[in-house]
Amino acid sequence: MGKVSEWKASYYCNSTRTWVYGHLIIYTRCIRFIEDKEGTDCLDFRIYYENFFKLKKETTSVFFAAITIRVRTDKYWFSSLFDSGHVFNMIEHFWKERLFASSTSDTPCNSELLNILHDAQNTLTSTGRTIQRQGQQIDSACANMNKIHNDLGVAETLIYNLDSWLSKWNLETPQVHIDVPEDNMPIEKTEYPIVYARTHKEKHFPGTLMLSNKSLEIFDVGWSLDISFTVKEITEVSVHTPWEMTILQQSIGKADSSVHLTAARLVHILQTLQVVFPGEINYDEPPDDAGDQDLDSEMFYLQEGDKSEEDSIGVQTREKDSKMVTDAEAAEMGQVLQDMRSLALGIQEEQDRQLQQLDLLSDSVDKANERIRTDVLKINELT
């Protein structure tokens, strides 16, 4: 398990009803809070993405920005962050990627019930990916309709001015036909969810990386083009960690342009980039704290003060050739059900949002058709 980033933060301890200061660390499979205190009673717990029910931005009783994570019946409060929006975007990105990732647990699935649960989880994961792509297409259609209405506004202004000018003259407009060759060369594009910023120190925002054999484009959450690079003009690609890289574009007479990316699927991005990028990709030396071996062996989250349970879990063994559901299989079932519940809630929220977007899109299309019919009639009168 790799360490992605770390920030100073405070955590609200329910048992003492006080804010405890420490460090919030993001890993690829969980988040971790470590108290700035030495001793055996130091707070050190982890919350795995599989156990997330809800992630929200909220404010404390004194109006400080905070990030809340609901896990089962508990709710965790984190505040005193240098930029809560940046931290929220990072956690949300790795949470979503973990939910959509296929289950690769090492726990043996001996029972038929567990196999059924895994099949249902895979089906729900596939549905979630389809719903996500559908939502992106709807958002893109809405953005295109806005551009169409803007273009119609310009066209109507030109038609009105042309009508005013031609009404004073009796001119015959010759019909000219121009043959424009069509470029049917297919260009395959690949989409990747990312969190990006111009530099490493700036606030990162969620977006989508669109990579093709000619260009590298980054769209924001509203599917508006924010950053665009031509592959031939990219001068340097530096990979800092398995989840972070920087792309630099340098041109003579122009200011340097760069973008810093953080992505859970950076390995897949690099595989595509190595094919289309003509230059060499530079790999930095990984930091000493890029991984945490202790976290690799722990597939559960710790409650406050549950360290005695952590010691006892390691000595438990499974009975061989047992026809009953073992503790490991029961834990696996619980984890799969939690993933399915989180996915189902996310799909429901996304469907509600898409239905609202479709209603707005339908109304916008009707208005655009009416404006086009009116403009066509006006143009026919002029010709």
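The values are calculated or read from the model by the stated rules, or taken from the named source; none is laboratory data. Remember, it's a predicted structure, so these values are computed and weren't measured experimentally. Don't worry about glycine lacking a Cβ; one is built from the backbone with ideal geometry, like all the others, and counts go over all protein chains shown. Side chains are part of the model used for accessible areas, which takes the heavy atoms of the whole protein and leaves out ligands, DNA and RNA. Shrake-Rupley method; radii C 1.70, N 1.55, O 1.52, S 1.80 Å.
Using a probe radius of 1.4 angstrom, the carbon and sulfur fraction of the accessible surface of segment 3-102 is 50%. Phi angles of segment 350-358 translate, via the Karplus equation with coefficients 6.51, -1.76, 1.60 and θ = phi - 60°, into HN-Hα couplings of 5, 5, 4, 5, 5, 4, 5, 5, 5 Hz per residue; Gly and Pro are given as x.
Shown in residue order for segment 124-134 are the 3J(HN,Hα) couplings computed by the Karplus curve 6.51 cos²θ - 1.76 cosθ + 1.60 at θ = phi - 60°: 5, 5, 4, 5, x, 5, 5, 4, 5, 4, 4 Hz (x for Gly and Pro). Computed over protein heavy atoms with a 1.4 Å probe, the carbon and sulfur contribution to the accessible area of segment 190-283 reaches 52%.
Rolling a 1.4 Å probe over the protein heavy atoms leaves E156 with an accessible area of roughly 60 Å².
Put simply, when 200-207, 251-258 are sorted by average Cβ atoms within 10 angstrom per residue, most first, you get 200-207, 251-258. Taking amide H atoms as placed 1.01 Å from N in the peptide plane, the amide H of F45 lies under 5 Å from those of F33, each 5 or more residues away in sequence or on another chain. Computed with a 1.4 Å probe over protein heavy atoms only, the accessible surface of segment 190-283 comes to 50 Å² per residue. Remark on R198: its backbone amide H falls under 5 Å from those of H260, a criterion applied only to residues 5 or more positions apart or on other chains, H modelled at 1.01 Å from N.
Amide H contacts for S5 (H built 1.01 Å from N in the peptide plane; partners 5 or more residues away or on another chain; cut-off under 5 Å): I26.
Within the shell defined by Cβ-Cβ distances under 14 Å, the residues around I159 carry a net charge of -2, with Lys and Arg each +1 and Asp and Glu each -1.
Between A143 and L355, the simple spin-label model (points 7 angstrom out along Cα→Cβ) gives 2.6 nm.
Among residues other than R265 with Cβ under 12 Å from its Cβ, the summed charge is 0 (Lys and Arg +1, Asp and Glu -1). Compared with the direct C-alpha span, the chain from W19 to E285 gains 92.1 nm at full extension, assuming 0.36 nm per residue. Using θ = phi - 60° in the Karplus curve 6.51 cos²θ - 1.76 cosθ + 1.60, the 3J(HN,Hα) couplings for segment 262-270 round to 10, 8, 5, 10, 5, 4, 5, 5, 5 Hz; x is entered for Gly and Pro. Label zone of E191 (point 7 Å out along Cα→Cβ, amide N under 16 Å): in segment 130-164 this covers 130-145.
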